[in-house]
Amino acid sequence: MRLKNIWRILLILLIFRLSANAAENRTEIKVDFRANVSHIEPDFSDNALRINEIVTYLRNLHRDSSTTITSVTLCGTASPEGSYNYNRHLAGARLAAPEKLIRSEVSIPDSIITFDDTYIPWDYLRSQLLDSDLTYRDSVISIIDMAPRLVKDPDNGRLVDHRIVKLKRLDNRRVWNQLFRLYFGKMRNAIAVIITYKEDKVPIDDTPPAIPPEPLLTEQSVDHTETDTIPDKLISATTPDTTPLTEPRQPGSHRPIHIAIRTNMLYDVMAIPNIGVEFYLGRNWSVQANWMYSWWSCDRRHRYWRAYGGDINVNRWFGKAAGGCPLTGHHAGVYAQMLTYDFEFGGVGYQGGKWTWGAGISYGYSLPVGRHINIDFTVGFGYARGEYKKYHPADGCYVWDSTHRLNWFGPTKAEVALVWLIGSRPGRKGGVR
């Protein structure tokens with residue numbers, strides 16, 4: 001029992017030593033913005049000083065091999081006077097500014113980045129009011145503490161948080177004007193919180209060991225049994241252990257997933273059911289796959305309507321809207337497609353060969369019309385190649401007339417797609433706050 005207790009004590013001491021030699025550090029980066037601005041302006045507020053501190057910190061971090069970045073949390077905020085959609089977009093664009101700055105100095109994987117969904121910093125406003133002598137202070141705090149809910153602003157008909165409407169009604173907007181003058185300017189910022197894990201080296205005792213000098217021995221004459229009696233601190237001084245004490249801790253949250261389900265309404269109008277899915281890959285890149293299928297016929301009137309096939313697209317998103325919300329705004333890409341068809345309406349029919357294939361480049365714009373609904377307008381130009389047959393119906397049969405080759409340069413893609421966005425709006429996790 002006594003030996004068992006000794007081992008327990010040694011284990012506790014070992015754990016204490018390991019934890020004492022590993023440290024976790026939290027660094028907060030903050031930049032301010034003017035109203036309606038989403039890029040960092042060095043000449044505004046204290047941004048020049050902060051940027052210089054940020055760059056110095058990141059470069060030192062890059063050179064320090066004993067420090068590992070384990071988590072980066074990003075948050076972009078806007079003051080309350082804008083509409084819900086505008087503030088969401090503006091906060092998302094501001095959030096992207098420190099992320100770009102960080103990535104320009106150090107390499108970080110997407111898996112350790114999380115996004116705070118607080119697009120209006122109500123908590124900050126509340127904390128400032130607690131020690132203020134603002135008129136109707138308690139009423140303002142009570143409104144801030146209400147659960148968020150979207151309503152139409154009576155002033156302009158735009159969607160806003162209902163707390164904004166209530167604040168405007170206090171004392172005929174006098175309280176709102178005070179908040180605007182005293183606090184709103186400090187609510188337009190972007191914050192990045194970097195968590196690092198640093199492995200501290202075991203302190204080395206330079207005091208020489210109190211052992212008598214020994215004669216030099218040749219390699220062949222060394223008595224290895226003597227090395228077991230050398231004090232531990234001599235070993236650590238001559239052969240330091242560079243193995244990490246513990247594995248860096250991984251964050252528990254991951255980058256949100258953004259998926260879009262879509263249907264091309266031009267095909268729907270032509271009675272060709274179709275569906276597509278698009279995955280956001282991060283860094284403004286996405287991949288999209290579409291499929292269509294129809295098989296309608298009426299032999300009594302010699303009607304035939306058949307088409308099936310699909311395409312794969314790789315898109316790059318750009319512009320302000322894309323910076324605020326994935327899968328929204330301008331996009332350009334490349335695509336490959338293949339299909340077969342058979343069209344005939346009581347006259348000459350056209351039947352494609354086994355497959356007609358094509359490839360090209362596309363450009364489009366995905367316009368948000370609801371919180372999770374976009375309409376995507378896309379055109380593509382490229383090359384299509386295949387074989388098709390002309391025929392005509394006669395006596396209940398389809399009589400072959402001729403075979404032709406298709407070699408087409410020009411428009412090969414057109415979409416007016418209804419898009420359902422699955423995931424969070426603009427580029428952050430969660431819903432309305």
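A compact table of results
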{"quantity": "Failed item in (1) over 19 Å from LYS413 (Cβ atoms); (2) open to solvent by less than 40 Å² (accessible area, probe 1.4 Å); (3) in a strand (DSSP E or B), with TRP295 passing the rest", "calculated": "(2)"}
{"quantity": "Residue match in region 113-121 (condition: under 30 Å from THR67 (Cβ atoms), of a type in the set (A, V, I, L, M), open to solvent by less than 60 Å² (accessible area, probe 1.4 Å) and in a strand (DSSP E or B))", "calculated": "yes"}
{"quantity": "Yes/no for ARG137 being open to solvent by 20 Å² or more (accessible area, probe 1.4 Å), over 14 Å from the mean Cα position of the chain (by Cα) and not hydroxyl-bearing (Ser, Thr, Tyr)", "calculated": "yes"}
{"quantity": "Boolean, LEU134 is touching a residue at least 40 places away in the same chain (Cβ under 8 Å) and part of a loop (DSSP other than H, G, I, E, B)", "calculated": "yes"}
{"quantity": "Within region 306-326, considering residues that are at pLDDT 90 or above, open to solvent by less than 30 Å² (accessible area, probe 1.4 Å) and out of contact with any Leu (no Cβ under 6 Å at 6 or more places or on another chain), the one nearest to ASN374 (Cα to Cα)", "calculated": "TRP317"}
{"quantity": "Cβ-Cβ under 6 Å pairs, at least 6 apart or on other chains, region 354-383 side at pLDDT 95 or above and of a type in the set (D, E, K, R), far side surrounded by 21 or more Cβ atoms within 10 Å (Cβ to Cβ) and assigned to a strand (DSSP E or B)", "calculated": "ASP376/GLY364; ASP376/SER366; ASP376/ALA417; ASP376/VAL419"}
{"quantity": "Residue among LYS168, LYS186, LYS198 that alone is among the basic types (Lys, Arg), open to solvent by 20 Å² or more (accessible area, probe 1.4 Å) and touching a helix residue (DSSP H, G or I) at 6+ places or on another chain (Cβ under 6 Å)", "calculated": "LYS168"}
{"quantity": "Test result for ILE51, under 29 Å from ARG181 (Cβ atoms), open to solvent by 30 Å² or more (accessible area, probe 1.4 Å) and among the β-branched types (Val, Ile, Thr)", "calculated": "yes"}
{"quantity": "Matching residues, region 394-403, being open to solvent by less than 60 Å² (accessible area, probe 1.4 Å) and within 55 Å of the chain's Cα centre (by Cα)", "calculated": "SER402"}
{"quantity": "Conditions (1) part of a loop (DSSP other than H, G, I, E, B); (2) under 18 Å from ARG188 (Cα atoms); (3) modelled with pLDDT under 90; number of the one not met by ILE51", "calculated": "(1)"}
{"quantity": "For THR77: the one exception among (1) within 27 Å of LYS152 (Cβ to Cβ); (2) in contact with a His (Cβ under 9 Å, 6 or more places away or on another chain); (3) among the hydroxyl-bearing types (Ser, Thr, Tyr)", "calculated": "(2)"}
{"quantity": "Within region 415-433, considering residues that are open to solvent by 50 Å² or more (accessible area, probe 1.4 Å) and within 24 Å of TRP291 (Cβ to Cβ), the one modelled with the lowest pLDDT", "calculated": "ILE422"}
{"quantity": "Some residue of region 28-36 being surrounded by fewer than 15 Cβ atoms within 10 Å (Cβ to Cβ) and free of Cβ contacts under 8 Å to residues at least 60 places away in the same chain", "calculated": "yes"}
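Quick grid of which residues meet (1) touching a residue at least 60 places away in the same chain (Cβ under 8 Å); (2) among the hydrophobic types (A, V, I, L, M, F, W, C):
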{"site": "GLY276", "(1), (2)": "yes, no"}
{"site": "TYR293", "(1), (2)": "no, no"}
{"site": "GLY309", "(1), (2)": "no, no"}
{"site": "ALA332", "(1), (2)": "no, yes"}
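The values are calculated or read from the model by the stated rules, or taken from the named source; none is laboratory data. Every value quoted in this text rests on a predicted model; they were computed, and no experiment measured them. Positions of Cβ are backbone-derived with ideal geometry, glycine not excepted, and every protein chain shown enters the neighbour counts. Please note that ligands, DNA and RNA were not included when accessible areas were found on the heavy atoms of the full protein model with its side chains. Shrake-Rupley method; radii C 1.70, N 1.55, O 1.52, S 1.80 Å.
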